[in-house]
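Every number in this text was worked out from the coordinates using simple rules, so none of it is lab data. All of these numbers come straight from a predicted model, not from anything done at the bench. Cβ placement follows ideal geometry from the backbone for every residue including glycine, while neighbour counts extend to all protein chains displayed.
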Amino acid sequence: MATTIVPEPFIPSSGGNGTRISSATQNAILVGIITLLAVFLRLHALTAKTYWLDEAISVKIARLPWPEFFVALWHREANMAFYYLLLHLWLSLGHTEGFIRALSVLFSVATIPVIFALAARLFNNTTGLLAAFLLAINAFHIRYAQEARGYALTMFCATLATWLLVRNLQEPSTSHWGAYSVVCALTVYSHFYGGLVVVAHCVALSVLGNTRVPWKSVVRSLLWFSCLMIPIALFIVSTGTGPINWIQPTGFQALLKLGADFSGNYGRLLLALVAFAIGMATLEAARVWSGSRRVVDVWKYALVLSWLLVPVAIALTASLIKPLFVTRF
């Protein structure tokens with residue numbers, strides 16, 4: 001029988017029950033404060049700029065009557081289909097620029113407690129709080145929280161899918177692999193490049209080997225996910241590469257811009273600091289790998305690094321054949 005990942009306590013187990021409750025309450029309060037900070041930063045100057053072209057397209061599609069709406073998705077705009085569907089429903093509540101963009105704000109803010117929960121499961125609560133805070137103040141995340149596009153929704157779904165993966169591995173007796181399949185599918189329907197996150201999950205799972213993963217459940221989940229991807233596959237086959245012919249070949253400057261944007265859009269100094277932090281984390285993973293016989297100890301680093309590097313590496317590799325690399329994608 002396959003062994004499973006032993007989860008680190010989500011709430012520290014030291015001390016009595018009162019201590020655990022106090023710790024949970026303290027964490028909840030801190031996450032709440034960080035979330036409120038995220039709300040403020042994302043609502044600030046939300047309507048300072050008018051719609052740009054892609055936002056105007058989002059609104060135009062979302063305002064179509066239902067029959068025309070589905071025709072537009074199937075023949076032209078299947079990418080971000082889930083976002084367009086939610087925006088179509090959202091418009092029944094309001095039509096101002098700020099309100100329309102607030103849908104992205106909602107999903108951007110909702111990602112904060114999910115990233116805390118994910119990091120806390122992988123490492124500890126302190127790491128979870130730090131991850132939540134860094135995401136709350138990240139300029140790149142704030143920027144796309146203020147656009148009527150599907151990027152904030154994609155980030156939310158990708159983070160939730162990753163949390164579900166970790167939870168299912170840590171708590172196999174109450175795992176929800178069907179939910180994992182659905183959320184992974186919604187990630188792709190939010191943006192096609194969301195599928196690269198699923199690939200990153202598979203790469204991270206390969207580190208655990210055959211003895212630590214309930215492969216039967218994982219494979220079944222991926223099969224259900226593949227079935228849900230059939231409409232997207234048909235759309236891609238029918239439309240070809242026409243919708244992405246505008247993407248330019250990737251150069252070194254594009255990679256540098258990606259790093260700077262990911263770091264928070266504060267120039268090369270911040271990029272260097274982030275690169276240093278990633279390097280230290282990689283060295284720590286190597287140290288744990290060499291010093292521990294438990295592959296579980298290094299898997300959490302493998303998951304984070306795969307999530308960071310695999311989607312970018314795939315987009316760059318594919319761009320050698322057909323340009324696919326865009327920073328915001």
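Numbers below:
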item: Whole-percent pair-distance distribution, where bins are 5 Å wide, for the alpha carbons of segment 210-266; result: 4, 13, 10, 10, 10, 12, 19, 17, 5, 0
item: Relative contact order, percent, the chain [alpha-carbon distance under 8 Å, six or more residues apart]; result: 20 percent
item: Computed FRET value (nearest 0.05) for residue 289 with residue 93, which takes r as the C-beta separation and R₀ as 56 Å; result: 0.65
item: Shape call, segment 120-262: gyration tensor on alpha carbons, a/c limit 1.5; result: oblate
item: Span-rule helices in the chain, defined as complete DSSP H runs reaching 27 Å or more along the axis (Cα) with Kyte mean at least -0.5; result: 17-43, 97-122, 151-170, 267-291, 295-318
item: Highest average packing first - 102-109, 227-234, Cβ atoms within 10 Å; result: 102-109, 227-234
item: Two-site label geometry, residue 220 and residue 297: point separation in nm, points 7 Å out along Cα→Cβ; result: 3.3 nm
item: Most to least packed among 148-157, 194-203 [average Cβ atoms within 10 Å]; result: 148-157, 194-203
item: Check: segment 36-131 dipole with +1 on Lys, Arg Cβ and -1 on Asp, Glu Cβ, in debye; result: 160 debye
item: Extension gain from residue 171 to residue 137, taking 0.36 nm per residue of separation minus the Cα-Cα distance; result: 9.1 nm
item: Whole-percent pair-distance distribution, where bins are 10 Å wide, for the alpha carbons of segment 220-329; result: 12, 28, 31, 23, 6, 0
item: Additional length obtainable on full extension of the chain from residue 56 to residue 210, 0.36 nm per residue less Cα span; result: 50.6 nm
item: Whole-number percent relative contact order across segment 9-153, with pairs defined as alpha carbons under 8 Å at least 6 apart; result: 33 percent
item: Packing-based order for 179-186, 316-323, 304-311, using average beta carbon neighbours within 10 Å, highest first; result: 179-186, 304-311, 316-323
item: Difference of contour (0.36 nm per residue) and Cα-Cα distance, residue 24 to residue 76; result: 14.0 nm
item: Listed candidates [x] -0.37, -0.87, -1.22; [y] -0.29, -0.72, -1.15; [z] -0.30, -0.78, -1.29 - label of the one calculated as log10 I(q)/I(0) by the Debye sum over Cα atoms at q = 0.07, 0.11, 0.14 Å⁻¹; result: [z]
item: Signed unit charges on C-beta, dipole axis of the chain, positive-most listed residue 209, 185, 166; result: 209
item: Centroid-to-centroid separation of segment 144-218 and segment 248-310 [C-alpha atoms, Å]; result: 19 Å
